[in-house]
Amino acid sequence: MHFCDLKLPNSAESKIWEKAKKLVTSNAYILGSEVNHFEDAFAHYCEAKHSVGVATGCDALLWAMEALGIGKGDEVITVANTFIGTVLPILRVGATPVLVDCDPITQQIDPEQVAAAITPRTAAIVPVHLYGRLAPMDELFAIADKHNLFLLEDAAQAHGSRYKGRRAGSLGKAAGFSFYPAKNLGAWGDGGAVTTNDKALSKKISKIRNYGQEKKYYHDTLGWNSRLDSLQAIVLSEKLKLLDQWNENRRTVANWYYDRLKDSEFCLYHERSENEAVHHLFVITHKNRDSIQEKLQSKGIPTGIHYPVPIHQHKCFADHSFAKEEFPHAERQGSELLSLPMHPNLTESEVDEICECMIKL
Ligand SMILES: Cc1ncc(COP(=O)(O)O)c(C=O)c1O
């Protein structure tokens, strides 16, 4: 049994090799038509006007913030229970991350705490669509509008999810996606994209990720080398065609879990009915998480912990002011959550086996 299965249908894999061969013979390795094609297809998929391919999901958030002029003296509010890739870009642009706790029921950023964390220096809010579920965008928009703040989606785990009918990546001023291989849409290596409805912003980011140039060797702004690889664009374009079906399969798997575990002692989290989660991860909580994980491991059932350490407790942040703060819900999540196997090829009998094993523990 796999925790995450990255297998592709043979036909899609053959198509990728075919296109890759063409690319290699054409020597067009950097940017060019394959990247352009993927950017257009991904923007269309996200129902956003523009998409810019970059090297990683971390870079997507970084360049979005840089292009928006967020930097030294600014504060950016995000949530304590996320992957470090949400927070590092805030620091890299020179801004100060301001952490808030999550809602204990939804595991998503708590809007009341966001409202309480606003100061005259707040420039942006970065909600994370954690596990492929949706952050409470209406509540966050109300706060962002009131205080004139940017709302930047961290959509690294949410390719294809919908908030009240609208796709992740089309909701905020911009969104950062990761194409790390295990994501719902994953490359055969690293990759990322920014989506936005703002043409000028997308142009700015296109320049930044390509050494600050539009015309070769004419560098108008200080940029960086952070381009989406053309070979990865080929992989992503082919996989994008399968994404809706894969997400549908993930929803079916999630429903099997909900059904089998509904009367169990495990705490399950449901998406609000008006939203469509894409179940990047299927996360439950239990007080005896560690022993449950060990027992499942002994039966050959792989699990994960996303994430064991909340942001403020990482050693690398020891010198930051938020290191001294307490976020009890995020801390409890870290010690109680368990990610069960989740991927589009998981079968009903595998889910039965996992759940029977969990219930008998
Ligand atoms: C929530 C979140 N934010 C940001 C990132 C950063 O993406 P990447 O690993 O592609 O840089 C990830 C990816 O793992 C993530 O899960």
Cα gyration tensor shape for the stretch 103-188, rounded if a/c is under 1.5, else prolate or oblate: prolate
Solvent-accessible area per residue, Å², over the stretch 58-178 with all protein chains present [probe radius 1.4 Å]: 31
Accessible carbon and sulfur surface of the stretch 123-246 relative to its total accessible area, %, 1.4 Å: 52
Karplus-derived HN-Hα couplings along the stretch 223-238 (A = 6.51, B = -1.76, C = 1.60, θ = phi - 60°), whole Hz, x at Gly and Pro: x, 7, 9, 8, 8, 5, 5, 4, 5, 5, 4, 5, 4, 5, 4, 5
Residue-normalised accessible area of the stretch 184-281, expressed per residue, 1.4 Å probe, Å²: 49
Å³ per residue enclosed by the Cα convex hull of the stretch 6-90: 154
Surface share of carbon and sulfur [accessible, 1.4 angstrom probe, percent] for the stretch 8-54: 55
By accessible area with a 1.4 Å probe, ligands and nucleic acids excluded, highest first: order of TYR131, TYR258: TYR258, TYR131
With every protein chain in place, the stretch 268-361: carbon and sulfur % of accessible area (1.4 Å): 47
Cα centroid of the stretch 136-215 to Cα centroid of the stretch 12-66, whole Å: 15
TYR45, TYR211, ranked by accessible area, largest first (probe 1.4 Å): TYR211, TYR45
Of LYS173/LYS203; LYS72/LYS173; LYS7/LYS173, those spanning more than 26 Å from alpha-carbon to alpha-carbon: LYS7/LYS173
In sequence order, calculated HN-Hα J values of the stretch 97-103 (Karplus, 6.51, -1.76, 1.60; Hz; x Gly/Pro): x, 10, 8, 10, 7, 8, 6
Where only alpha carbons of the stretch 78-150 are counted, the Rg and the Dmax (Å): 11.6, 33
Max mean-square fluctuation residue, GNM over the chain, Cα-Cα springs under 10 Å, options THR119, THR347, THR86: THR119
Exposure ranking of ARG92, ARG227 by accessible area [1.4 Å probe, largest first]: ARG92, ARG227
Hz values of 3J(HN,Hα) by residue in the stretch 325-340 - Karplus curve (6.51, -1.76, 1.60), Gly and Pro given as x: 7, 10, 10, x, 5, 5, 5, 5, 4, x, 9, 10, 7, 9, 9, 8
Selected from ILE234, ILE292, ILE90 as most flexible by GNM, with the chain as the system and alpha-carbon contacts under 10 Å: ILE292
Cα gyration tensor shape for the stretch 228-322, rounded if a/c is under 1.5, else prolate or oblate: oblate
Surrounding net charge for GLU331, when Lys and Arg each add one and Asp and Glu each subtract one, Cβ distance under 12 Å: -3
Heavy atoms of LEU346 accessible to a 1.4 Å probe, total area in Å² rounded to 10: 10
Rounded to whole Å, sorted largest first: equivalent-ellipsoid semi-axes of the stretch 19-148, Cα gyration tensor: 33, 17, 14
Projected area, mean over directions - the chain, Cα convex hull, nm²: 18.2
The chain, helix-only ellipticity at 222 nm - DSSP H runs n ≥ 4, -39,500 (n - 2.57), divided by all residues, nearest 500: -11500 deg cm²/dmol
The chain: most fluctuating residue of LEU281, LEU340, LEU261 per GNM, C-alpha cutoff 10 Å: LEU261
Long-range HN-HN contacts of GLY191 with modeled amide H, under 5 Å: GLY57, PHE179, TYR180
Semi-axis lengths (Å, descending) of the ellipsoid that matches the C-alpha gyration tensor of the stretch 207-264: 44, 15, 7
P(r) of the stretch 174-255 over all Cα-Cα pairs, binned every 10 Å from zero, in whole percent: 17, 37, 32, 11, 4, 0
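The values are calculated or read from the model by the stated rules, or taken from the named source; none is laboratory data. Just so we're clear, the structure is a prediction, and the values are computed from it rather than from any experiment. Neighbour counts run over all protein chains shown; Cβ positions are idealised from the backbone, glycine included. Just so you know, the surface numbers come from the protein's heavy atoms only, side chains and all, with ligands and any DNA or RNA stripped out. Shrake-Rupley method; radii C 1.70, N 1.55, O 1.52, S 1.80 Å.
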